[in-house]
1. Report the relative contact order of the stretch 13-159, percent, no decimals, based on alpha-carbon pairs under 8 angstrom and at least 6 residues apart.
2. At 1.4 Å probe size, with the rest of the protein present, what percent of the exposed accessible area of the chain is carbon and sulfur atoms?
3. For the chain, what is the relative contact order in percent, using Cα pairs closer than 8 Å and at least 6 residues apart in sequence?
4. Give the accessible surface of the chain per residue, rounded to a whole number of Å², with probe radius 1.4 Å and ligands, DNA and RNA excluded.
5. Can you give the relative contact order of the stretch 90-206 as a percent, counting alpha carbon pairs under 8 Å and 6+ residues apart?
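The values are calculated or read from the model by the stated rules, or taken from the named source; none is laboratory data. Keep in mind it's a predicted model, so treat the numbers as computed, not measured. These accessible areas exclude ligands, DNA and RNA; they are computed on the full protein's heavy atoms, side chains included. Shrake-Rupley method; radii C 1.70, N 1.55, O 1.52, S 1.80 Å.
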Amino acid sequence: NGEFVLTEAHNIQFNYTGLPVITSAVTIEGHGSTVRRDDPWTTPNFRILAVDANGALTLRDTTISNGRLYDVADYASWENASDGGGILSLGTLVISGSTIEGNSVAPYAGYGGGIFAAGPTTITNSGISDNHAGAEFGAGGGINATGPITITSSEILDNSADGYYGCVGGGINVDGQATIVDTIIAGNYVTGGEGTCRGGGVNVYGQATIIGSTISGNVALPYLELFSSEFHPGLGGGLNNQGTTLLVNSTVSGNTASYGGGVTNLRYGTLTIVQ
């Protein structure tokens, strides 16, 4: 139940990161503790944790909060190092009984406000909430997964993604392979400017299997340009599918969007629903 407050970055191996980069098998047993960046407005910007391609992090009973990556001058030189406001994982990541909350990322293109997961990732009995990804283009307000990810008995709540040129996945953006089981995805949203925003709850580019889960109260907001009166719709308040999605014994209800409040199945996508 302790609180570990970070006031400056430890390293810049993958952009500014508060703790040493995980390069081997490491387990953090939090016992209810919190690791957070200090004051959200006056402390220099940095994420909390980074796992390199050879690392393996197991995070148990720990809260990670207030990570913030903003204003990267040369995004291209960082490659994906500017992603993951709370955790950037290029290796193996296991999160159990933990909370990832209040983290954000917004360089030119921000991916994974809470977590950017490029390697194998397992999340169990955890909460991903109030995280944000944005700037010119935002993806995966709560989680942006390009590697295989399994999420079980967890809550993905009140995360957001925005972007002047578009955004995807307020709660989760799946750009790899995802299995989501007995999980609640609610209160997430996407909103943008000149670009269309898709998937208030979940956006699928890759392949997703969603079992026994609830996707509700998510929003894909439209944008109306004042000077041109051009309307840019929000698509798929609950689920936007541009890949392959299998829904099994799940509920998609009470979501809001300009088109496809619940589910928008776009061209080239495959959506299968099984009760």
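1. On the way: 487 pairs, mean separation 28.7, N = 147.
It rounds to 19 percent for the stretch 13-159.
2. Working: 5520 of 10860 Å².
After summing per-atom areas, the C and S share lands at 51 percent.
3. On the way: 1089 pairs, mean separation 28.1, N = 275.
Once normalised by length, the contact order is 10 percent.
4. Values: 10860 Å² over 275 residues.
Here the residues of the chain average 39 Å² of exposed surface.
5. 22
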